[in-house]
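No value in this document is a laboratory result; all are computed from the given coordinates. Bear in mind that the values here come from a model prediction, so they are computed numbers and not experimental data. Cβ: placed from backbone, ideal geometry, glycine included. Neighbour counts: every protein chain shown.
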Amino acid sequence: MEVLCPLCRVPADRESLGCPSCREDLGVLFRLRYSARIDYNRALEALAAGDGALALGLLHRAVAAEPGLEPARELLESLSVSGPAGSASGSAPMASERDTPSE
């Protein structure tokens, strides 16, 4: 997913979160573009902390924002089957599931 500067239409720099051409701060646009992935990662953190209800809410929001985000969809389906309490009692996501999904 690419973020374009709304002023000069140049692809933004992912590391500085700014436009390499006009130096406009594009942090808010990055947050909007990647909100589903951010919610997915926050859901993983909530599960690790034992807060299944928060994780479910974040996963629902992530899937609504980006329906093709398969790791979030799969985790949501597994939690819906086992229930949020079951996820906190030992079936925490594996380390590979904690990584931000690739674009």
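Can you give the Rg to Rh ratio of the range 1-44, both from alpha-carbon atoms, with Rh computed by the Kirkwood formula?
1.05
Would you please put 50-57, 11-18, 67-74 in order of how densely packed they are, using the mean number of other Cβ atoms within 10 angstrom per residue and starting with the highest?
Details: 50-57: 17.6, 11-18: 14.0, 67-74: 16.0.
Top of the packing list down: 50-57, 67-74, 11-18.
Under the rule of at least 5 residues apart or a separate chain, name every residue whose amide H is placed under 5 Å from the amide H of V10.
Correct list: C5.
What is the set of long-range amide H partners of E24 at a cut-off below 5 Å, with H atoms built 1.01 Å from backbone N?
Here the answer is C19, since their amide H atoms fall under 5 Å of that of E24.
What does the extension gain come out to for C22 and R73, with contour length at 0.36 nm per residue minus their alpha carbon separation?
Once the chain is fully extended between C22 and R73, it gains 14.6 nm.
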